[in-house]
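Trainee: One structure, pasted below without further comment.
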Amino acid sequence: MAIISVSALRGARFPLFTNNPHPFPQFPIPSRRSSKLNFRSKGFTPFARYAQSQQDLFSSRLQDGIENLPKLVEDIVQTSINTGPRGALRLAQGIQAFLGVGGEWLADASKSTNSSAGLPTQMQLGLLSPQYLRRLFERMGATYIKLGQFIASAPTLFPAEYVQEFQNCFDRAPAVPFQEIQAILREELGRPIDSVYEYVDPTPVASASIAQVHAARLKGSQDDVVIKVLKPGIKDILVADLNFVYVVARILEFLNPELSRASLVGIVKDIRESMLEEVDFYKEAANIEAFRSYLEAMGLTRQATAPKVYQHCSTKRILTMERLYGVPLTDLDSISSLVSSPETSLITALNVWFGSLLACETFHADVHAGNLWLLRDGRIGFLDFGIVGRISPKTWTAMEVFLASIATEEYESMASALIEMGATDKDVDVMAFAKDLEKIFSSIQDLDTELIVATARDRTTNATAVSANVVVDERQMNALFLDVIRVSESYGLKFPREFALLMKQLLYFDRYTRLLAPNLNMLQDQRISIVSNRGSRSRNTFR
């Protein structure tokens, strides 16, 4: 809830909250001797106009507020009815979490005030500071952990310090007892578990905030599978939390109409829709099948795969999939033992993913190391299609030009592509924008050189050391991207969420490139098909 208000309030103006003890213009009080005020005096005319304009503005807002109040009340009442009793339970849990993190802040603040340095600037924000807000989100559980991940992957919407802090908001959660998992399986299958599965491993392979994964073997075919099971009560928690966030957003927009320009309610609706999609495994199954169809249509099944879905034992709450065996793309030692050329495997992964942007209705929007594997048979395995993106032709065309411009250092073309991609009601100075982008991207040149030299000099560098370098560089790459967003916003540009999703995946691939193929230039290598013919033809339109 709180992060939505923090992010959306960026740039908003609240005239009542100001350091000036007299926020309104001060005018001399007329002498008691004056029986009449001179309304025609030069000094009073501006005041009269100012007062009249303020009165008109106030009257207009008051009228709008009166007209919109019934709709607001109706919306809140309907949302509360839809939430039901579960809302009261989540409120109690939220208060408990708030008090817990508040106690941590008080303890830390007490230590800081006793030091000579005083209270740090970040701590002065209280629980709205990035660090303590992240802790609060983690205590609040599934919904807020997911919101934290959304913040971490949406630098176009949230301040840089929050994006960086919520990188630490990992999707970890304690495992649900196996007895509860068994109860869900029996309920969803509608028949005994042992009539479908030869066995189900009671120890989970993974436990996240929303779902839990168990290894199993199918009866009859003896296929090794994994079962993704929605945790009990998680949908009720999501609905209650997201409805609460929605109500808060509606109230904030009502109290300050300027927030409507930031589309606060629209952002919350988008988050609610995407998160509720994750608890519907029918949709995830459809995403997987669409990707598998793309691989078959393009003749890529020998290069890459996604797990087969077993429809007869999959429902809205359980998803039974082929079990794939492999290692994450960050495990350099294991990858080197599986294939002779890790660089070739990486190029395959890049080409398959880039191809899906154009050939599929949705693209895999979470290609972190846990979801992108090198399999034992040498193929690339794409896992977990719970988070996908949808890209419009306009955005992708501009994105292609943007990527090509990075490789060729054509900053004017880069600026034009960003302008085409973003939404703005201003006339942007392309040349000035291009110069600012050049300043930002010049910093990456030295970074690339340092990493390549370090790798070449020390041939005995092990995977752990290389990975450590990559992690540092990934943070710097995130900072670079945030700088691009910051400069773009200074020119009045606002990007669609799909742009942030695409850039996030490119940062993941940049990490794999520096680990598996440090001499590879992802944007210039002829073996990697990033720019389509359609994008090449349209590049001149952005110059």
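Trainee: Against the conditions (1) at pLDDT below 85; (2) open to solvent by less than 50 Å² (accessible area, probe 1.4 Å), where does residue 350 fall short? Just the number, please.
Mentor: If we test residue 350 against (1) at pLDDT below 85; (2) open to solvent by less than 50 Å² (accessible area, probe 1.4 Å), just (1) comes out false.
Trainee: If you don't mind, there's one more thing I want to ask. What is the one condition in (1) more than 26 Å from the chain's Cα centre (by Cα); (2) at negative phi that residue 299 does not satisfy?
Mentor: Only one criterion in (1) more than 26 Å from the chain's Cα centre (by Cα); (2) at negative phi is unmet by residue 299, namely (2).
Trainee: If we scan the range 456-471, do we find a residue that is at pLDDT 85 or above and not charged (D, E, K, R)?
Mentor: no
Trainee: Which residue pairs have Cβ atoms closer than 7 Å, lie 6 or more positions apart in sequence or on different chains, and pair a first residue in the range 191-210 that is without any contact (Cβ under 8 Å) to a residue 12 or more places away in the chain with a second residue that is open to solvent by 70 Å² or more (accessible area, probe 1.4 Å)?
Mentor: 193/186
Let's see how each residue does on (1) surrounded by fewer than 16 Cβ atoms within 10 Å (Cβ to Cβ); (2) farther than 26 Å from residue 433 by Cα; (3) at pLDDT 75 or above:
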| position | (1), (2), (3) |
| --- | --- |
| 482 | no, no, no |
| 512 | no, yes, yes |
| 521 | yes, no, yes |
| 524 | yes, no, yes |
| 530 | no, no, no |
| 543 | yes, no, no |
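Trainee: Here's another thing I want to ask about it. Only residues that are open to solvent by less than 10 Å² (accessible area, probe 1.4 Å) and more than 20 Å from residue 500 (Cβ to Cβ): list them for the range 374-419, please.
Mentor: Across the range 374-419, the qualifying residues are 374, 375, 380, 381, 382, 413.
Trainee: In this structure, is residue 517 at pLDDT below 80 and open to solvent by less than 60 Å² (accessible area, probe 1.4 Å)?
Mentor: no
Trainee: Turning to a different aspect of this structure: Report yes if residue 218 is of a type outside the set (Gly, Ala, Ser), touching a helix residue (DSSP H, G or I) at 6+ places or on another chain (Cβ under 7 Å), more than 16 Å from residue 280 (Cβ to Cβ) and open to solvent by less than 50 Å² (accessible area, probe 1.4 Å), otherwise no.
Mentor: no
Trainee: From 254, 244, 166, 158, which residue is surrounded by 18 or more Cβ atoms within 10 Å (Cβ to Cβ) and not in a helix (DSSP H, G or I)?
Mentor: It is 158.
Trainee: Here's a check for you: in the range 319-347, which residue that is in contact with a Lys or Arg (Cβ under 7 Å, 6 or more places away or on another chain) and among the hydrophobic types (A, V, I, L, M, F, W, C) is nearest to residue 217 (Cα to Cα)?
Mentor: 321
Trainee: Contact list please: Cβ distance under 9 Å, first residue in the range 80-95 and in a helix (DSSP H, G or I), second residue at pLDDT 75 or above and of a type in the set (Ser, Thr, Tyr), pairs at least six apart or on different chains.
Mentor: Qualifying pairs under 9 Å: 90/143.
Trainee: Go through the range 316-331 and report how many residues are assigned to a loop (DSSP other than H, G, I, E, B) and closer than 9 Å to residue 369 by Cβ.
Mentor: Residues meeting the conditions: 3.
Trainee: Before we move on, is residue 345 surrounded by 17 or more Cβ atoms within 10 Å (Cβ to Cβ) and touching a residue at least 60 places away in the same chain (Cβ under 8 Å)? Explain how you work it out, then say what you get.
Mentor: Numbers: surrounded by 17 or more Cβ atoms within 10 Å (Cβ to Cβ): yes; touching a residue at least 60 places away in the same chain (Cβ under 8 Å): yes.
Taking the combined requirement at face value, the residue satisfies it.
The values are calculated or read from the model by the stated rules, or taken from the named source; none is laboratory data. Since this is a predicted model, take the numbers as computed values, not measurements. Heads up, the Cβs are rebuilt from the backbone with ideal geometry, glycines too, and the neighbour counts pull from every protein chain shown. What goes into the accessible areas is simple: the full protein's heavy atoms, side chains included, and nothing from ligands, DNA or RNA. Shrake-Rupley method; radii C 1.70, N 1.55, O 1.52, S 1.80 Å.
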